[in-house]
Amino acid sequence: MKGEIEQAFTFLKYQELDSAKHYQTVLFFDTNLMSILIFQKLEPVVELFLSKDYLLEMHVSRLLTIFQVSRVASFDIYPTTELKSAFENSPIVHLPVGAQFQLNVVPRDARGRRLAPASNSINFRLHRTLVNAQGNIVSIWDNPYQGDDVTSYPLQVLSEQENSFVNTVRRFATDVIKPVVREMDAKFEMTEAVIKGCFDNGLMGVEIPEKYGGPGSTFFDAVLIIEELAKVDPSVSAMVDVHNTLFVPLILQLGTEEQKQKYLPKSVTGSVGSFALSEVSAGSDAFSLKTVAKKDGDDFVINGSKMWITNSGHAESLLLFANADVSKGYKGITCFMLDIKTKGLTVGKKEDKLGIRASSTCPIHFDNVRVHKSAILGEFGKGYKYAIECLNAGRIGIGAQMLGLADGCFNETIPYLQQREQFGQRIIDFQGLQHQIAQIRTEIEAARLLVYNAARMKEQGLPFVREAAMAKLYASQVATNTTSKCVEWLGGVGFTKDFPVEKYYRDCKIGTIYEGTSNIQLNTIAKLIDIEFENRT
């Protein structure tokens, strides 16, 4: 449990800071509750941070008891001295008033955009948690429509900025991608115009801060992009997905300033990124890697092969996972940053796939590829940990991809059913078909809620692994069911390449395979349920 506590609070680090540039805080920390209360003097709001596990209700209940014993039962905001006094007789260990801390959370400007990591502007737009007179936990969100209050909002209600972003992606997908979808599928090659358009329209590297030339947008924005693109062509969506949810986030999280300056600016302007983990013998068992990186002075010499690497056909950079200390097993796996033109690195022939054919999927071979130790991303031997964390977030992206695919297929199908007549009436007027349509639409909307919820939870720093697995699992199932039904509803037309539905049918299958098969998602969900109920006893 001690390790879990330490991991839960790695985002908070004591530093000697200039009080003129940072909020002064009073910190209350109880290791039994695994909870932190922070009172900000300059913006008097109590922030509640709970440990990242699935027992939030229990911790909240115990914390409320502390509040009640300490006579903190009002919805009022407490001045510093009153708050300190209220906790004097509680079992909470507290530090002196005015202790200064660096809060390593995501600051945003007044428009909700991420600020550069080096910024001293700490205008937090986090969800704030207070205790009301009834002893309930109340979350206050920045409401784009009504201002801050204590109500909650539908997951599908987007802010004005998010709606504007979605409309931009939709126009690009309709005007630029849709006319060439069939051609790209037939040639299993994505056009340069489409790739360039993704960069020109600000769809690549969306979370990269302005400091490195990016828009400083959010993970949820990245999910919206993936969904919208998949409605028109899941191949393009897959390319953007890998770049935005696997490649860029790891560099943002782990990169040195030198690495960020080298890779992030071009990841916004024209350089596609790739993520090289899978091998012939390392699919679902992702860490049984055979690719090795042998230390040679200040260099590492890499040998081995990777398989099924998305974006490898048009990537300029990649994250490579190789075992740099075989004696340690998976704990020797290390992440390296490489340019695709590095000597000894060869990209193999494109796979001739069933679906998402325009998305390049190739093997990559490493023959005595020599890289300097400065190419290591993060810590030596922590690659397995980075890959797991990154793929957990990536599964939300796959869920969004399958959601968009299902929605796009449905949207292409319904107008035909409204026009086609049999037995003297429109096909859509037959009750048997109406019930099927209603069922499919309900499943699509349920998948959307799962995907959006997982994305919002990740963005708020809440536990999301279970939710991400559920989103990917269910959205993949919905995409499979939707495309199959749409082909049936269209009859012979749906079985031909003259209508786009057969492509959606082929494209959807990959959703049950990459970034963790459906069975792997079930394993993850079941394991977390087991842990949840064990901890309740």
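The values are calculated or read from the model by the stated rules, or taken from the named source; none is laboratory data. Keep in mind the model is a prediction, meaning the values are calculated, not measured. Using ideal geometry, Cβ is built from the backbone for each residue, glycine included, and neighbour counts are taken over all protein chains shown.
The table that follows gives values for the structure above.
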| quantity | calculated |
| --- | --- |
| Residues located in region 349-371, provided they are farther than 14 Å from Ile510 by Cα and assigned to a loop (DSSP other than H, G, I, E, B) | Lys349, Lys350 |
| Residues of region 309-325 satisfying the condition of being under 21 Å from Lys262 (Cα atoms), polar (S, T, N, Q) and not in a loop (DSSP other than H, G, I, E, B) | Ser317 |
| Complete set of residues in region 286-306 that are surrounded by fewer than 17 Cβ atoms within 10 Å (Cβ to Cβ) and among the basic types (Lys, Arg) | Lys290, Lys294, Lys295 |
| Residues within region 378-390 that are crowded, with 21+ Cβ neighbours inside 10 Å and under 17 Å from Arg466 (Cα atoms), tallied | 2 |
| Answer residue from region 326-353, given it is among the aliphatic types (A, V, I, L, M) and closer than 26 Å to Tyr263 by Cβ and is nearest to the chain's Cα centre (by Cα) among those | Met337 |
| Residues within region 145-169 that are modelled with pLDDT of 50 or more, farther than 16 Å from Val451 by Cβ and among the charged types (D, E, K, R), tallied | 1 |
| Within region 460-485, tally of residues that are crowded, with 24+ Cβ neighbours inside 10 Å and among the hydrophobic types (A, V, I, L, M, F, W, C) | 7 |
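To keep it simple, each residue is scored yes or no on (1) in the same structural domain as Lys331 (by TED's automatic domain parsing); (2) over 23 Å from Lys328 (Cα atoms); (3) assigned to a loop (DSSP other than H, G, I, E, B).
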site: Pro265; (1), (2), (3): no, yes, no
site: Asp285; (1), (2), (3): yes, no, yes
site: Leu289; (1), (2), (3): yes, no, yes
site: Ala293; (1), (2), (3): yes, no, no
site: Asn303; (1), (2), (3): yes, no, no
site: Met307; (1), (2), (3): yes, yes, no
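Residue-wise test of (1) touching a residue at least 40 places away in the same chain (Cβ under 8 Å); (2) buried (at least 24 other Cβ atoms within 10 Å of the Cβ); (3) of a type in the set (Lys, Arg).
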{"site": "Phe188", "(1), (2), (3)": "yes, no, no"}
{"site": "Gly197", "(1), (2), (3)": "no, no, no"}
{"site": "Val223", "(1), (2), (3)": "yes, yes, no"}
{"site": "Lys231", "(1), (2), (3)": "yes, yes, yes"}
{"site": "His243", "(1), (2), (3)": "yes, yes, no"}
{"site": "Leu250", "(1), (2), (3)": "yes, no, no"}
{"site": "Glu258", "(1), (2), (3)": "yes, no, no"}
{"site": "Ser267", "(1), (2), (3)": "yes, yes, no"}
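Table: residues versus (1) hydroxyl-bearing (Ser, Thr, Tyr); (2) farther than 15 Å from Val268 by Cβ; (3) in a helix (DSSP H, G or I).
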| position | (1), (2), (3) |
| --- | --- |
| Leu158 | no, yes, no |
| Ser217 | yes, no, no |
| Ile226 | no, yes, yes |
| Ala238 | no, yes, yes |
